[in-house]
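Here is the structure we will look at.
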Amino acid sequence: MKILFLSDGLSPFVLGGMQQHSAMLVKHLAPLVDQITLVHCGPINSTPPEDKAVLELLGNPLNVEIIGIPFNDKSILPGHYVRSSKGYSNDIFEAIKHKLSTFDVIYAQGFTGYAFVGKHKNLIVNLHGLEMFQKSFSFTENLKKIILRPLALHVLKGANIVVSLGGRLTDILL
């Protein structure tokens with residue numbers, strides 16, 4: 001099986017639970033599949049970590065190809081994260097579209113799968129906490145979540161498989 005794995009960073013290069021999950025998932029999937037092409041970024045507006053450092057983190061598997069693409073977000077206007085996430089996903093698609101048909105599965109963390117909706121028959125997405133659909137505790141937080149919902153719905157509805165870590169997240173999806 002050949003997997004295209006899309007991430008918005010890997011821990012410890014980018015901090016976050018989803019980034020830690022990405023690093024561990026690729027590390028433990030590698031021995032079980034023929035090939036993983038891992039697309040990742042570094043911190044926002046930075047150069048992605050070198051391939052050698054990423055491969056070391058993953059235990060130097062011979063069947064993992066690394067593609068680093070910058071995640072750029074130079075705006076502070078409302079909705080900037082949504083625009084930047086779409087841009088990052090589009091940049092990934094442009095870099096990989098010439099060999100998209102060679103992958104059996106695309107596994108997309110977060111919003112990275114945006115540009116791949118409708119372009120591959122096996123798109124798996126994991127939006128993790130689905131915070132944009134959960135209760136807000138402030139006006140500002142509620143506005144941020146409202147801005148994220150259309151992008152999240154596009155990715156969730158366009159995927160062939162949606163990964164949920166269970167619990168109350170499954171209730172949100174259903």
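Could you tell me whether Ile36 is within 20 Å of Ala159 (Cβ to Cβ), over 12 Å from the mean Cα position of the chain (by Cα) and surrounded by 14 or more Cβ atoms within 10 Å (Cβ to Cβ)?
Against the criterion (within 20 Å of Ala159 (Cβ to Cβ), over 12 Å from the mean Cα position of the chain (by Cα) and surrounded by 14 or more Cβ atoms within 10 Å (Cβ to Cβ)), Ile36 qualifies.
Could you list all residues from the range 75-86 that are at pLDDT below 95 and either aromatic (Phe, Trp, Tyr) or within 15 Å of Gly42 (Cβ to Cβ) (or both)?
Tyr81
Among the residues of the range 56-112, what is the count of those that are hydrophobic (A, V, I, L, M, F, W, C), part of a helix (DSSP H, G or I) and under 14 Å from the mean Cα position of the chain (by Cα)?
4
Go through (1) at pLDDT 95 or above; (2) closer than 29 Å to Arg149 by Cα; (3) buried (at least 16 other Cβ atoms within 10 Å of the Cβ) and name the single condition Gly110 misses.
(1)
Every residue, every condition in (1) out of contact with any Gly (no Cβ under 9 Å at 6 or more places or on another chain); (2) on the phi > 0 side of the Ramachandran plot, yes or no:
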| position | (1), (2) |
| --- | --- |
| Asp51 | no, no |
| Arg83 | yes, no |
| Asp104 | yes, no |
| Gly110 | yes, yes |
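Among the numbered conditions (1) of a type in the set (A, V, I, L, M); (2) free of Cβ contacts under 8 Å to residues at least 40 places away in the same chain; (3) in a helix (DSSP H, G or I); (4) in contact with a Gly (Cβ under 7 Å, 6 or more places away or on another chain), tell me where Met132 comes up short.
Only one criterion is unmet by Met132, namely (4).
Considering only the range 14-55, state which residues are of a type in the set (A, V, I, L, M, F, W, C), part of a helix (DSSP H, G or I) and at pLDDT below 95.
If the condition is that a residue be of a type in the set (A, V, I, L, M, F, W, C), part of a helix (DSSP H, G or I) and at pLDDT below 95, then Met18 is the only one that fits.
Could you give me the residue pairs with C-beta distances under 6 Å whose first residue belongs to the range 87-105 and is at pLDDT 95 or above, whose second residue is surrounded by 13 or more Cβ atoms within 10 Å (Cβ to Cβ) and of a type in the set (Phe, Trp, Tyr) wherever it lies, and which are 6+ apart or on separate chains?
Tyr88/Phe71; Ser89/Tyr114
The values are calculated or read from the model by the stated rules, or taken from the named source; none is laboratory data. The structure presented is a predicted model; accordingly, all values stated were derived computationally and were not measured. In this analysis, Cβ positions are derived from the backbone assuming ideal geometry, glycine residues included, and neighbour counts consider all displayed protein chains.
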